[in-house]
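Student: Please read through the structure below; I'll follow up with questions.
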Amino acid sequence: MRVNLTVVLRYTLIFFLTTAVSHIGAQDHHGDDAHATSSHGADNHGEEHATNACGGSSHHGGEFDAGATAFHHISDQNIYNIGWFHFPLPCIFYVPGEGLEMFSSGKFDADAHGNGSKAYNRYVLFGGQAKRITDPNFPKGLIGIGDDALWEESATVDGKKVDKVYLCYEGNRILCDPKSTLDFGLFGGGLTSFHDFSITKNVVSMFLIVGLLSLMFIAIAKAYKNRQGMAPSGIQGFIEPIFEFIQEDVSKPFLGDSWERFQPFLMSLFFFILGLNLFGQIPFLGGSNVTGNLSVTLVLAVLAFIMTTINGKKDYWGHVFNMPGVPWPIKYLVVTPVEIMGLFIKPLTLMLRLFGNMVAGHMVIVIFVGLIFIFGKNGANPAAAWGTSIGSVFLTLFMMAIELLVAFIQAFVFTILTASYIGAAIEVHDDH
Amino acid sequence: MTGTLAAVGAGLAVIGAGLGIGQIGGKAMEAIARQPEAVGDIRANMILMAALVEGAALIAILLSFFV
């Protein structure tokens, strides 16, 4: 296969420039902020930062916290940031006993960090995420709370470090609840006073990708109908090898004769995951981390589990509950419990593998960019920041190239494992 | 201090996964060298096996951070 070298060079150059420009943008954006903080610090002999009347500081001192920054950038948000632009998204909140509420997140009037300077109907925006004011005496409607009114404090609850968000309003500290999560306290969440059903950044990205894939595949299907016997053209020629690769290497070997029945499911799974993986890596588009969200991968894994379970044949359940050829004490004490656990561990690993890989990749990229701020002492040492940014561009470039590979591999692995689980469920054994 | 212990746990999990994936990759290379015509099947199975090993390591890493 001949590769046109100039084309490769041209794309490499474009990619390099894009990465470099995105760095400069990020540096300007954070640089202003750091400058404001450091000049403020100089006024107070380098001890204090922008603190509000309640003693909370919405900016993390002079230290750059790479971990917190990374988590902020990979989490789901109620606002969509592209560069300096904020696209308000619909907020849909449900409070048990009070009912459903719907409004635009533009009402919060968020700054570059996603911290809102206004409260609306007892909701505020902190770090791009909506929080609910717990104080029942707080007035409803649109209330101006000022720029530095929200801050985060760490508290230890049951031996776990939990960050709590506070609001400073007329000199009072008011606790703000995060949204409810059904993680049973495993990730520091749990049931709170409100549920968030908003069209968040991740949901918007999912809609976009689903729409894009539908348009693309309808066009391709039409092309196959209209151009019978002709060579594929355009987007058809791009998708056909990928489609055929999944069909020949995943569906047919694992699913045997009934591969056509599962083809729609496997292909939807593959292209949905691949599309979202790739969409999250485009610079300047908000970097929505959909497949790195545990809820999304949970639903995908549950779908795979349902497909495996409802298609399970007699032989499959026989192997789970009554493994042939094993003496009965070992069978019922060891093999059957292990097999039943295996039923649930399979989708669990599917869920964690995709989540872990995407989160790790996105976090490493953010931390490589964060090196600039670590070595630049968050704006105090511009020379070191500029020096580090040269190395950081190359490290990020390297990481993004690896992530491009990981995006394909993880989509492929999710599909191939789902196919192998379904294949094991529908397999018919002739003899033992 | 819990953070430090979690980091050690994550590191141990990575050692295990590294050994496992290294074995898979090495054996796959040997197999491809012995039978170059079977490269497609070997590659698909290699990725499948590596994904399974990696799954165990990821569970260990996540558990070490969250529990």
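The values are calculated or read from the model by the stated rules, or taken from the named source; none is laboratory data. What you are looking at is a predicted structure, and each value in this text was computed from that prediction instead of being measured. Counting neighbours? That spans all protein chains shown, and the Cβs are built from the backbone with ideal geometry, glycine included. In case anyone asks, the SASA skips ligands and DNA or RNA and just uses the protein heavy atoms, side chains included. Shrake-Rupley method; radii C 1.70, N 1.55, O 1.52, S 1.80 Å.
Student: Quickly run through the range A:69-86 and pick out the residues that are loosely packed, with under 15 Cβ neighbours inside 10 Å and either in contact (Cβ under 8 Å) with a residue 24 or more places away in the chain or among the small types (Gly, Ala, Ser) (or both).
Tutor: Correct list: A:Ile82, A:Gly83, A:Trp84.
Student: Next question, about the same structure. Consider A:Glu403 carefully, then state whether it is open to solvent by less than 10 Å² (accessible area, probe 1.4 Å), away from chain B (no Cβ under 14 Å) and of a type outside the set (Ser, Thr, Tyr). Give the steps one after another, and end with the answer.
Tutor: Details: open to solvent by less than 10 Å² (accessible area, probe 1.4 Å): yes; away from chain B (no Cβ under 14 Å): yes; of a type outside the set (Ser, Thr, Tyr): yes.
In short, yes.
Student: Among the numbered criteria (1) under 19 Å from the mean Cα position of the chain (by Cα); (2) modelled with pLDDT under 80; (3) exposed (fewer than 15 other Cβ atoms within 10 Å of the Cβ), which one does A:Ala66 miss?
Tutor: (3)
This table checks each residue for (1) among the hydrophobic types (A, V, I, L, M, F, W, C); (2) at pLDDT 95 or above; (3) surrounded by 12 or more Cβ atoms within 10 Å (Cβ to Cβ).
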site: B:Gly3; (1), (2), (3): no, no, no
site: B:Val8; (1), (2), (3): yes, no, no
site: B:Gly20; (1), (2), (3): no, no, yes
site: B:Pro36; (1), (2), (3): no, no, no
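Student: If you go through the range A:94-126 one residue at a time, how many are among the hydrophobic types (A, V, I, L, M, F, W, C) and open to solvent by 30 Å² or more (accessible area, probe 1.4 Å)?
Tutor: At the first step, the residues of the range A:94-126 found to be among the hydrophobic types (A, V, I, L, M, F, W, C) are A:95, A:100, A:102-103, A:108, A:110, A:112, A:119, A:124-126.
Filter once more, keeping what is open to solvent by 30 Å² or more (accessible area, probe 1.4 Å): A:100, A:102, A:112.
Total meeting the criteria: 3.
Student: How many residues are among the aliphatic types (A, V, I, L, M) and open to solvent by less than 30 Å² (accessible area, probe 1.4 Å) when one looks only at the range A:188-212? Give the derivation first.
Tutor: Here is the first cut: in the range A:188-212, the ones among the aliphatic types (A, V, I, L, M) are A:191, A:199, A:203-204, A:206, A:208-210, A:212.
Then drop every residue that is not open to solvent by less than 30 Å² (accessible area, probe 1.4 Å), which leaves A:209.
Final tally of qualifying residues: 1.
Student: May I ask you to say which residue of A:Gly391, A:Gly387 is without any contact (Cβ under 8 Å) to a residue 60 or more places away in the chain, loosely packed, with under 14 Cβ neighbours inside 10 Å and either within 14 Å of chain B (Cβ to nearest Cβ) or in contact with a helix residue (DSSP H, G or I) (Cβ under 9 Å, 6 or more places away or on another chain) (or both)?
Tutor: Numbers: A:Gly387 fails: loosely packed, with under 14 Cβ neighbours inside 10 Å.
Residue meeting the stated conditions: A:Gly391.
Student: For the range A:230-253, give me each residue that is aromatic (Phe, Trp, Tyr) and either in contact with a Ser or Thr (Cβ under 9 Å, 6 or more places away or on another chain) or more than 14 Å from chain B (Cβ to nearest Cβ) (or both).
Tutor: Going residue by residue through the range A:230-253, those that are aromatic (Phe, Trp, Tyr) are A:238, A:243, A:245.
Hits for the range A:230-253 are A:Phe238, A:Phe243.
Student: Let me ask you something else. Can you list residue pairs whose Cβ atoms sit under 6 Å apart, with the first residue in the range B:4-33 being without any contact (Cβ under 8 Å) to a residue 12 or more places away in the chain and the second being in a helix (DSSP H, G or I) and of a type in the set (A, V, I, L, M)? Count only pairs 6 or more apart in sequence or on different chains.
Tutor: B:Ala31/B:Ile42; B:Ile32/B:Val39; B:Ile32/B:Ile42
Student: Within the range A:391-402, is even one residue over 21 Å from B:Ala57 (Cα atoms), assigned by TED's automatic domain parsing to the domain that holds A:Asn289 and outside any helix (DSSP H, G or I)?
Tutor: Within the range A:391-402 (the criterion being over 21 Å from B:Ala57 (Cα atoms), assigned by TED's automatic domain parsing to the domain that holds A:Asn289 and outside any helix (DSSP H, G or I)), the answer is no, since none of the residues qualifies.
Student: Sticking with this structure for a sec: Among (1) open to solvent by less than 50 Å² (accessible area, probe 1.4 Å); (2) farther than 28 Å from B:Ile61 by Cβ, which single condition is A:Pro136 missing?
Tutor: Status for A:Pro136: all satisfied but (1).
Student: Within the range A:321-331, restricting attention to residues that are among the hydrophobic types (A, V, I, L, M, F, W, C) and outside any loop (DSSP other than H, G, I, E, B), which residue is most open to solvent (accessible area, probe 1.4 Å)? Full working, then the answer.
Tutor: We begin by selecting, within the range A:321-331, every residue among the hydrophobic types (A, V, I, L, M, F, W, C); these are A:321, A:323, A:326, A:328, A:330.
Pick out the ones that are also outside any loop (DSSP other than H, G, I, E, B) and you get A:321, A:328, A:330.
On the way: A:Phe321: 100, A:Trp328: 179, A:Ile330: 89 Å².
Out of the qualifying residues, it is A:Trp328.
Student: Of the numbered conditions (1) open to solvent by 20 Å² or more (accessible area, probe 1.4 Å); (2) among the hydrophobic types (A, V, I, L, M, F, W, C); (3) within 12 Å of chain B (Cβ to nearest Cβ); (4) over 30 Å from A:Trp317 (Cα atoms), A:Met358 fails exactly one; give the number of that condition.
Tutor: That leaves (1) as the condition not met.
Student: So the check is Cβ under 7 Å with 6+ separation or different chains; which pairs have a first residue in the range B:40-67 that's at the interface with chain A (Cβ under 10 Å from one of its Cβ atoms) and a second one that's open to solvent by 70 Å² or more (accessible area, probe 1.4 Å) and modelled with pLDDT of 85 or more?
Tutor: Close Cβ pairs satisfying both conditions: B:Ala57/B:Val14.
Student: May I pose another question? With the condition kept exactly as written, say whether any residue in the range A:271-278 is within 14 Å of another protein chain (Cβ to nearest Cβ) and over 30 Å from A:Pro136 (Cβ atoms). Break it down stepwise before answering.
Tutor: Here is the first cut: in the range A:271-278, the residues within 14 Å of another protein chain (Cβ to nearest Cβ) are A:273.
Cutting the leftovers down to over 30 Å from A:Pro136 (Cβ atoms) gives us A:273.
Yes, the range A:271-278 contains a residue that is within 14 Å of another protein chain (Cβ to nearest Cβ) and over 30 Å from A:Pro136 (Cβ atoms).
Student: Follow-up. Do you know which residues across the range A:118-167 are modelled with pLDDT under 80 and basic (Lys, Arg)?
Tutor: Selection gives A:Lys160, A:Lys161.
Student: While we're on this one: Going by the structure shown, is A:Leu215 under 27 Å from A:Asn81 (Cα atoms) and free of Cβ contacts under 8 Å to residues at least 12 places away in the same chain? I'd like the intermediate steps shown before the answer.
Tutor: Numbers: under 27 Å from A:Asn81 (Cα atoms): yes; free of Cβ contacts under 8 Å to residues at least 12 places away in the same chain: yes.
For A:Leu215, the condition - under 27 Å from A:Asn81 (Cα atoms) and free of Cβ contacts under 8 Å to residues at least 12 places away in the same chain - is met.
Results for (1) of a type in the set (Lys, Arg); (2) under 20 Å from B:Gly55 (Cβ atoms), shown as yes or no for each residue.
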| position | (1), (2) |
| --- | --- |
| A:Lys331 | yes, no |
| A:Ile374 | no, no |
| A:Gly387 | no, no |
| A:Val393 | no, no |
| A:Phe398 | no, no |
| A:Ile402 | no, yes |
| A:Ala424 | no, yes |
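Student: For the condition more than 14 Å from chain B (Cβ to nearest Cβ) and in a loop (DSSP other than H, G, I, E, B), what is the one hit in A:Gly370, A:Gly318, A:Gly286?
Tutor: On the way: A:Gly370 fails: in a loop (DSSP other than H, G, I, E, B); A:Gly318 fails: in a loop (DSSP other than H, G, I, E, B).
A:Gly286 is the lone residue from the list that is more than 14 Å from chain B (Cβ to nearest Cβ) and in a loop (DSSP other than H, G, I, E, B).
Student: Can you tell me which of A:Glu240, A:Glu260 is exposed (fewer than 13 other Cβ atoms within 10 Å of the Cβ) and acidic (Asp, Glu)?
Tutor: Every option except A:Glu260 fails the conditions.
Student: On the basis of being touching a residue at least 60 places away in the same chain (Cβ under 8 Å), within 14 Å of chain B (Cβ to nearest Cβ) and open to solvent by 30 Å² or more (accessible area, probe 1.4 Å), does A:Ala380 make the cut? First the steps, then the outcome.
Tutor: On the way: touching a residue at least 60 places away in the same chain (Cβ under 8 Å): yes; within 14 Å of chain B (Cβ to nearest Cβ): no; open to solvent by 30 Å² or more (accessible area, probe 1.4 Å): yes.
No; evaluated as a whole, the condition is false for this residue.
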